[in-house]
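Novice: One structure is given below, represented as structure tokens, and several questions about it will come after.
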Amino acid sequence: MTLGKVLVSERDIAQAVERVVEEITQDYGDGDLLLVGVMDGAVCFLADLMRAFPRSVEMTTIRATSYEGTESLGELTVNNLPTPEQIRGRHVLIVEDIVDTGATVSVLAQKIEALGATSVNVCALLNKPSRREHDVETAYICFDVPDVFVVGYGLDYNGEFRNLREVRELSNVE
Ligand code: IMP
């Protein structure tokens, strides 16, 4: 397995973060907003996104795992789901690294709705539309990417490469 070409540069990411925050701000104004970052993949995106807001914004995290290597295990494990008290009556924005089949965000959105959220939207750094299996509304997307395995800026391959500043293709993966 080798690191391949850069798909999204550090500069492109910084510009896209500013753009989606403007879109989110146009839609939500100064109204209620709770960012729920999906760990571990959204760690970099969540940190940059929340700091780009021109106003105070609340955040929390949720942990979801379904991948081993480049393969989805099919079963989604969700840890540290927020409490109903944290979610009830709130406008929630799920912050994800990548929407691939859509399974993760569709399960998380259902769980957050069931906790009593007033609204649930999704903001993702990357989107792989060609792989979609679940019908999910992705309100805010930074970049569409082709059907290749990508790493960096929070995205990993078995725990590696999360710390890259840019998003790269990973080649020769089994
Ligand atoms: P989904 O449930 O199929 O939409 O997959 C979402 C999760 O799979 C993401 O949050 C990532 O953790 C992981 N994932 C999907 N594609 C990639 C990739 O190309 N690189 C790294 N992780 C990925």
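Novice: Angle between the Cα long axis of helix 10-28 and the longest principal axis of the chain, 0 to 90 degrees, nearest 10?
Specialist: 20
Novice: If the chain between GLN110 and ARG63 were fully stretched, how many nm would it gain, using 0.36 nm times the residue separation less the Cα-Cα distance?
Specialist: 15.4 nm
Novice: Give me the percent relative contact order of the chain, please, defined on Cα pairs under 8 angstrom at least 6 residues apart.
Specialist: After rounding, I find 28 percent.
Novice: Just report the Cα centroid separation between segment 9-39 and segment 124-148, whole Å.
Specialist: First find each Cα centre; the distance between them is then 16 Å.
Novice: When the helix-only estimate is applied to the chain (DSSP H runs of n ≥ 4, each -39,500 (n - 2.57), divided by the residue count), what is the mean residue ellipticity at 222 nm, nearest 500 deg cm²/dmol?
Specialist: That calculation yields -7500 deg cm²/dmol at 222 nm.
Novice: Go ahead and run the numbers for FRET between SER119 and ARG165, Cβ-Cβ distance against an R0 of 45 Å, rounding to 0.05.
Specialist: Numbers: r = 33 Å, r/R0 = 0.73.
Computed FRET efficiency for SER119 and ARG165 comes out at 0.85.
Novice: Near THR2, within a Cβ-to-Cβ distance under 11 Å, what is the net charge of the other residues, with Lys and Arg +1 and Asp and Glu -1?
Specialist: Here the count lands on +1.
Novice: Tally up the carbon and sulfur contribution to the accessible surface of segment 66-174 as a whole percent, 1.4 Å probe, everything protein left in place. Can you show the working numbers first?
Specialist: Details: 2310 of 5430 Å².
Solvent-exposed carbon and sulfur of segment 66-174 make up 42 percent of the total.
Novice: Near VAL150, within a Cβ-to-Cβ distance under 11 Å, what is the net charge of the other residues, with Lys and Arg +1 and Asp and Glu -1? Let's see the in-between values first.
Specialist: Working: positive: LYS5, LYS128, ARG168; negative: ASP97, ASP100, ASP147, ASP156, GLU166, GLU169.
Neighbour charge sum, excluding VAL150 itself: -3.
Novice: Please list, in order along segment 90-103, the HN-Hα scalar couplings obtained from phi with the Karplus expression 6.51 cos²θ - 1.76 cosθ + 1.60 (θ = phi - 60°), rounded to whole Hz, x for Gly and Pro.
Specialist: Rounded to whole hertz, the list is 9, 8, 9, 10, 6, 9, 10, 6, 8, 9, 9, 6, x, 4.
Novice: May I have the pair-distance distribution P(r) for the chain, computed from all Cα-Cα distances with 5 Å bins from 0 and rounded to whole percent?
Specialist: 1, 8, 18, 23, 21, 15, 8, 3, 1, 0
Novice: If you don't mind, another one. Calculate, for segment 117-174, the solvent-accessible area per residue in square angstrom, rolling a 1.4 angstrom probe over the heavy atoms of the protein chains. Kindly include the intermediate steps, with their values, before the conclusion.
Specialist: Numbers: 2930 Å² over 58 residues.
It amounts to 51 Å² per residue over segment 117-174.
Novice: Could I ask something else about it? So with the 1.4 Å probe, I'd like the accessible area per residue for segment 34-114, rounded to whole Å². Show your work: numbers first, answer last.
Specialist: Values: 3750 Å² over 81 residues.
About 46 Å² of surface per residue is accessible.
The values are calculated or read from the model by the stated rules, or taken from the named source; none is laboratory data. The model shown is predicted, which means the values in this text are computed figures rather than measured ones. For neighbour counting, all protein chains shown are included, and Cβ atoms are generated from backbone atoms with ideal geometry for every residue, glycine included. To get the accessible areas, we keep the full protein, side chains included, count just its heavy atoms, and leave off ligands, DNA and RNA. Shrake-Rupley method; radii C 1.70, N 1.55, O 1.52, S 1.80 Å.
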